[in-house]
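Q: Structure incoming, see below.
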């Protein structure tokens, strides 16, 4: 009976892994296609489509734009999120629960609706479509996330640690720099990293709020209009590879932090 | 007469609708070891927070060294707190933790390190200077927290259930060390606990709190032997409690009617007054040898405690009356036995609340 | 406990105001603007309820909502049914030291770009894609099947993503369960099946509800997957919204449709609030 469960488990897991990996394998395999269509039979391996991606200035500048928007919007989101989490965790503010609810509210709303709202508002206020507008949208979606992560980590123990520092004579700004930020570093880092990945991958807000200069997902979308194309496979595989490297780095730094 | 080191005057405190401190006044002498003893919710921790400056009292004033400190922030008052969870800075070495207060005072690194080492040596942890807090055991962290608080030479050290997180054996051991360290540095310690054994072992001055009020205060020997209230008679050690009414009073002697019969003892109360008589377990005699007979009782439980036996018995006259006695380890008493119970008149504690 | 000796009331407000201000300015205000816009006429800008009445009057519009709800329900159901056993196997059958790796592998395709993930499925499901080639090549079918540009394709793309997400949440849930529950149940005479049904499943149910709710919200508001995989044969709500902006520049109608979509999500939230609260407590 036990062995039967084991075998069934293995089979099931194998099938699910298969489904999960099927599209990724197809994507990467046909990025190495030598001919112009990413469909069987496989004619590669060839790096010509990677060449095409790297010499496409629209894609490379979109990649730079994406990085820029991701880094800057995540910095803004994590800064605002951290400060507000600190404020709410440390002090009793009137209507605290309500205000905290307000900050986390965007988490329950689709990106499409957040993007639509900003589009209508910016359109009405005469703000032109731009990377800045998209960045503002990315802060809206990532601020509640950073707030929630950091706020949840500020427990009573953290509060006591800060009290101890104040008790020993530290002024407020030294408490912040010497105690709170270093102690909260893992949560701050996690918030920043998650914001980065969400902003990096976000499509609909960028699609609605940018025009000429745009982010990578939107540029890939534009590429899709030309139908199935190994170039799309190549850029997709590249993004995948970069993400994997980042995730592994993140895991390693996190694992090294663990004992602390 | 010198002014008290700490003078708490008529302090009350409310959290929202709930009053947690009711008109509390307390004076603390320099160099003393004071224990605030009480069950959870008695207000002892709030009182400590008010002393530490983490909470401003709703009413009343706090003087430390004769200065009004009622709304002085924690950093600016001559107190430091040892937190229950120690609140060591997890990202700093033990040395940096202990040196933190000096660093905030602008003391240079070399002096800081030297003083931190000195303080660590005082608590017996000289070798832990370069370690991180997570590498230490609970008892060691406790000592680091103590060193960190002592190194800036506060006038008063506040300890919030400092031994609460330790296991029993370690607690008793740390308890002895705390007392020794306090004697060595001479700083006044104010220590909050709900453990009466800890209180008796450590305190020069024991303050029993209940429901936001001070029930009793004084040397632990006195509080134990002559508790002022029924609460302190039951919280600080166990007692058999006899409810009664004064029926007669003359020549400094009163007669009290209790479920165990009439008892004569010294007192000046008026007839009709409601009283309670408390008898410590070690004073309750199983047998008729005591001067005051308390009737017969059936033994309901005998618990062997190592050096003695704790005997519970139910009065034959009133099943609501439970006797608690301490019998020698060699006693042959067994569950189901019926025994005579008595005591000496001197050992009866008269409680009038 | 209120901290008494903090530096007045200015500091805490200085800390929370930027985040609150940002949320008000770029989340609440846009929403109000959208609400206002939804009540104006596309031509002329006068006050009207036409944008809302249009939704109910035009079957093409409310069919999009029905489609959205159907697809989302199917996706949520299939994803939970697929992910739960998978998460259980990872948590119970895989040896402890390999679990982290197994889980990381299981969510690896998360890290492909979101747009690319749907595109990859298109490669698999296309007329002359991998599956059709395999089917015709093996002689099972003489004609390639219509897989892309169908509801099946949309559901497949969604399920792929949400199985990964739900595996993560359910796995975390299963691992949080103290092993003593299972030991206690076994000790009291429950076999593995009854232990699972009466102890493990009920205790992980709140986690499943949270995961399912997340799936619902993310799925119903997604534009990319149905647009790439489902095509325009059958419109879902987000496609309908985008179509108003893209082709016709009809912001008022797009706003009204967005608000209707959001109202549906909010009602779902309120319906689930009971279970979601259990999780928080």
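The values are calculated or read from the model by the stated rules, or taken from the named source; none is laboratory data. Remember, it's a predicted structure, so these values are computed and weren't measured experimentally. So basically every Cβ, Gly included, is an ideal-geometry build from the backbone, and we count neighbours across all protein chains shown.
Q: Among the candidates B:62, B:72, B:55, which residue alone is within 23 Å of the chain's Cα centre (by Cα), within 14 Å of chain C (Cβ to nearest Cβ) and assigned to a loop (DSSP other than H, G, I, E, B)?
A: Matching residue, one of B:62, B:72, B:55: B:55.
Q: Also, quick follow-up: Scan region A:222-238 for residues that are surrounded by fewer than 23 Cβ atoms within 10 Å (Cβ to Cβ) and closer than 28 Å to residue A:146 by Cα and jot them down.
A: Listed by number, the list holds a single entry, A:238.
Q: Mind telling me which of the residues A:28, A:53, A:24, A:16 ends up being more than 12 Å from chain C (Cβ to nearest Cβ), assigned to a helix (DSSP H, G or I), surrounded by 14 or more Cβ atoms within 10 Å (Cβ to Cβ) and in contact with a helix residue (DSSP H, G or I) (Cβ under 6 Å, 6 or more places away or on another chain)?
A: Selected residue: A:53, the only one of A:28, A:53, A:24, A:16 that is more than 12 Å from chain C (Cβ to nearest Cβ), assigned to a helix (DSSP H, G or I), surrounded by 14 or more Cβ atoms within 10 Å (Cβ to Cβ) and in contact with a helix residue (DSSP H, G or I) (Cβ under 6 Å, 6 or more places away or on another chain).
Q: Take the conditions on the phi > 0 side of the Ramachandran plot and surrounded by 15 or more Cβ atoms within 10 Å (Cβ to Cβ) and apply them to residue C:173. Does it pass?
A: no
Q: Restricting to region A:115-147, name every residue that is without any contact (Cβ under 8 Å) to a residue 60 or more places away in the chain and either in a loop (DSSP other than H, G, I, E, B) or under 30 Å from residue B:53 (Cα atoms) (or both).
A: A:126, A:127
Q: Within region B:105-117, track down each residue that is part of a helix (DSSP H, G or I) and away from chain A (no Cβ under 14 Å).
A: B:109, B:110, B:111, B:113, B:114, B:117
Q: Take residue C:51 and decide whether it is more than 30 Å from residue B:47 (Cβ to Cβ), at pLDDT 90 or above, more than 7 Å from chain A (Cβ to nearest Cβ) and buried (at least 20 other Cβ atoms within 10 Å of the Cβ).
A: Against the criterion (more than 30 Å from residue B:47 (Cβ to Cβ), at pLDDT 90 or above, more than 7 Å from chain A (Cβ to nearest Cβ) and buried (at least 20 other Cβ atoms within 10 Å of the Cβ)), residue C:51 does not qualify.
Q: Checking the structure you have, find out if any residue of region A:95-114 is modelled with pLDDT under 90, more than 10 Å from every other protein chain (Cβ to nearest Cβ), outside any helix (DSSP H, G or I) and surrounded by fewer than 16 Cβ atoms within 10 Å (Cβ to Cβ).
A: Checked region A:95-114: at least one residue is modelled with pLDDT under 90, more than 10 Å from every other protein chain (Cβ to nearest Cβ), outside any helix (DSSP H, G or I) and surrounded by fewer than 16 Cβ atoms within 10 Å (Cβ to Cβ).
Q: Here's something else I'd like to know. Looking at residue A:155, is it surrounded by fewer than 18 Cβ atoms within 10 Å (Cβ to Cβ) and more than 12 Å from chain C (Cβ to nearest Cβ)?
A: So residue A:155 passes the test.
Q: Now for a different question. Among residues belonging to region C:74-90 that are in contact (Cβ under 8 Å) with a residue 40 or more places away in the chain and surrounded by fewer than 22 Cβ atoms within 10 Å (Cβ to Cβ), point out the one that is nearest to the other protein chains (Cβ to nearest Cβ).
A: Per the criteria, the residue is C:82.
Q: Looking only at residues that are facing chain A (nearest Cβ under 9 Å) and not in a helix (DSSP H, G or I) in region C:91-126, which one is nearest to residue A:27 (Cα to Cα)?
A: C:112
Q: Now for a separate question. What about residue B:102, is it at the interface with chain A (Cβ under 9 Å from one of its Cβ atoms), crowded, with 18+ Cβ neighbours inside 10 Å and either at pLDDT 95 or above or outside any helix (DSSP H, G or I) (or both)?
A: no
Q: Just checking, which of B:267, B:261, B:244 is touching a residue at least 60 places away in the same chain (Cβ under 8 Å) and farther than 28 Å from residue B:193 by Cα?
A: Testing whether each residue is touching a residue at least 60 places away in the same chain (Cβ under 8 Å) and farther than 28 Å from residue B:193 by Cα leaves just B:267.
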